[in-house]
1. What is the local net charge at VAL36, summed over the other residues whose Cβ is closer than 14 Å to its Cβ (Lys, Arg +1; Asp, Glu -1)?
2. Per residue, how large is the accessible surface of the chain? Use a 1.4 angstrom probe and give square angstrom.
3. For an R0 of 35 angstrom, estimate the FRET efficiency from the Cβ-Cβ distance between ALA62 and THR177 and round to the nearest 0.05.
4. Calculate what fraction, in whole %, of the accessible area of the chain sits on carbon and sulfur atoms when a 1.4 Å probe is rolled over the protein chains.
5. Would you kindly find the accessible area of MET178, with a 1.4 Å probe and non-protein molecules such as ligands, DNA and RNA excluded, rounding to the nearest 10 Å²?
6. Once you sort the root eigenvalues of the Cα gyration tensor of the range 6-178 as a ≥ b ≥ c, which label holds: rounded (a/c under 1.5), prolate (a/b larger than b/c) or oblate (the other case)?
7. Take every Cα-Cα distance within the range 163-267, group them into 5 Å bins from 0 onward, and report for each bin the whole-number percent of pairs it holds.
8. Got a number for the accessible area of TRP147? Probe 1.4 Å, square angstrom, nearest 10.
Amino acid sequence: MVEPVFQRVALIGIGLIGSSIARAAQEFPGLAGEIVANARSQNSLDRVTELGFADRCEIDPAKAVAGADCVILCSPVGTYAELAERIAPALKPGAVLTDVGSTKQSVIRDVGPFVPQDVHFVPAHPIAGTEFSGPDSGFATLFQGRWCLLTPPPGTDEAAISGLRKFWELMGAQTATMDAAHHDRMIAIVSHLPHLIAFTICGTADDLADETRQEVLQYAASGFRDFTRIAASDPVMWRDIFLNNREALLEMLGRFTEDAQAMARAVRWGDTNYIEDKINRSRKIRQSLIELKQA
Ligand code: NAP
């Protein structure tokens, strides 16, 4: 019998990410001795009970975290401040408090002030996901071969960091540690801006005249189809991400807008070299992703 990294893990939010962690804990030995699930609605917890991937469900987040060795916030980042305030008094001394939120400076801002002295706060972000949500959408292998980025504030207990690293590595993820501000700028370009563009392009298509809109759906080429997949993501989760990574996202959007204008100019004036050069650089990025097995 392998000694688990954490005896009891409480998952606050049990949608795509939370239920994938719970399923992984069932499938891969050594992760957790017991999984406690919490969600906002009883409906979701009833579904978790039917699916059978948690040992216990608790609708009250404070009851869910009591006695847990590791607490993972897996709800939209806009819910973290209120949740942190509710669970803080119930956290076990020595426990690791972490999260999976897609923004990291906001998590340190919102959760940090509530963390008791004797609890280790290690924010984290698995770079893995799909456009689906809810407890049915998770799967045990979601994190295999993906990255999980840890952004512990300076002075965080090393043993807590290495315990959490081990937890993610047992789920098949690679881990890296970085500063929260650096994380937010980097993720703004690789994830948040592409989502903003996808939501915008689908909105533009939807605004077209009735006849044209029908044709967009009927003859959707692969480019547009790929955007619609990204744009099918959960609206609350993405609203919260945009608002909680506002500065980095607006900076990247500004740079993108300048580059899009430059491309528009090249198209207008028939600047073949510029257009070809841009496309060639993009193809190289795709090739590198394939080589790094992140495609
Ligand atoms: P999801 O499938 O929509 O699940 C969200 C879960 O949070 C649900 O169980 C929901 O409960 C619960 N919840 C919402 N408000 C709550 C509250 N006030 N208190 C307790 N639970 C609450 O979302 P997800 O895709 O797993 O995303 C969860 C987190 O992971 C987000 O912070 C997101 O930024 C991050 N993330 C997502 C992805 C991705 O691709 N999806 C990737 C990496 C990181 P109900 O079902 O009862 O509403």
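The values are calculated or read from the model by the stated rules, or taken from the named source; none is laboratory data. Computed from a predicted structure; not experimentally measured. Note that we place each Cβ from the backbone using ideal geometry, even for glycine, and neighbour counts take in every protein chain shown. Ligands, DNA and RNA are excluded from the accessible area calculation, which covers all protein heavy atoms including side chains. Shrake-Rupley method; radii C 1.70, N 1.55, O 1.52, S 1.80 Å.
1. -1
2. Roughly 54 Å² per residue, with all protein chains present.
3. Using R0 = 35 Å, I get an efficiency of 0.75.
4. 54
5. Roll a 1.4 Å probe over it and MET178 shows about 50 Å².
6. Here the range 6-178 falls in the rounded category.
7. 2, 10, 15, 16, 18, 16, 11, 5, 4, 3, 1, 0
8. 90
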